[in-house]
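Novice: Pasting a structure below so you can have a look.
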Amino acid sequence: MCNKPELILQIDCDSEYVMQTHYGLPLSQENTYYSALDKFLNRFQRAGLKSTLFVVGKDVENKNVQRYIWKAVDNGCEIANHSYDHCNH
């Protein structure tokens, strides 16, 4: 029998490109996508938390994104896919 978790934390990781093209938000020049993921992962690790990161499949083709995904996996996080891209069909 599994232990009942005290907290379930799931994070939807949409890149800045998706935020601009799908949601119409301005494209940041600060690479907040990567810095935010890094901050989340560091805080999770310090607190001993595991999480599920939902990523856009097309973003996973990016080598920079892959670095964070492997860091998350190494920290015990799960990676899930919520779509391949955010096409506005």
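The values are calculated or read from the model by the stated rules, or taken from the named source; none is laboratory data. Bear in mind the structure is a predicted one, so any value in this text is a computation, not a measurement. Methodologically, a virtual Cβ is constructed for each residue, glycine included, from the backbone with ideal geometry; neighbour enumeration extends over all protein chains shown. All accessible areas refer to the heavy atoms of the entire protein, side chains included, with ligands and DNA or RNA removed. Shrake-Rupley method; radii C 1.70, N 1.55, O 1.52, S 1.80 Å.
Novice: Express in Å², to the nearest 10, the accessible area of Tyr84 obtained by rolling a 1.4 Å probe over the protein heavy atoms while all chains stay in place.
Specialist: Here the residue's solvent-accessible area equals roughly 110 Å².
Novice: Each residue of the range 60-68 in order: what ³J(HN,Hα) in whole Hz does its phi give by Karplus 6.51 cos²θ - 1.76 cosθ + 1.60, θ = phi - 60°, with x for Gly and Pro?
Specialist: Each residue of the range 60-68 in turn: 5, 5, 7, 4, 5, 5, 4, 4, 6 Hz.
Novice: Starting from 0.36 nm per residue, how many nanometres of slack lie between Gln20 and His82 once their C-alpha separation is accounted for?
Specialist: Result for the pair: 20.5 nm of gain on full extension.
Novice: Around Phe54, which amide H atoms from residues at least 5 apart in sequence, or from another chain, sit under 5 Å from its own amide H, with H modelled in the peptide plane?
Specialist: Distant-sequence amide H within range of Phe54: Ile11, Asp12, Cys13, Ala80.
Novice: What number does the chain give for Rg over Rh if you use C-alpha atoms and the Kirkwood radius?
Specialist: When Rh is taken as the Kirkwood radius, the ratio is 1.00.
Novice: Which is the longest run of the chain containing none of the GluC sites (Glu not before Pro) found in DSSP loop states (not H, G, I, E, B) with at most 14 other C-beta atoms within 10 Å?
Specialist: Longest run free of exposed loop sites: 31-89.
Novice: Along the positive direction of the dipole of the chain (beta-carbon charges: Lys, Arg +1; Asp, Glu -1; about the Cα centre), which of Leu25, Leu9, Ala80 reaches farthest?
Specialist: So the residue we want is Leu9.
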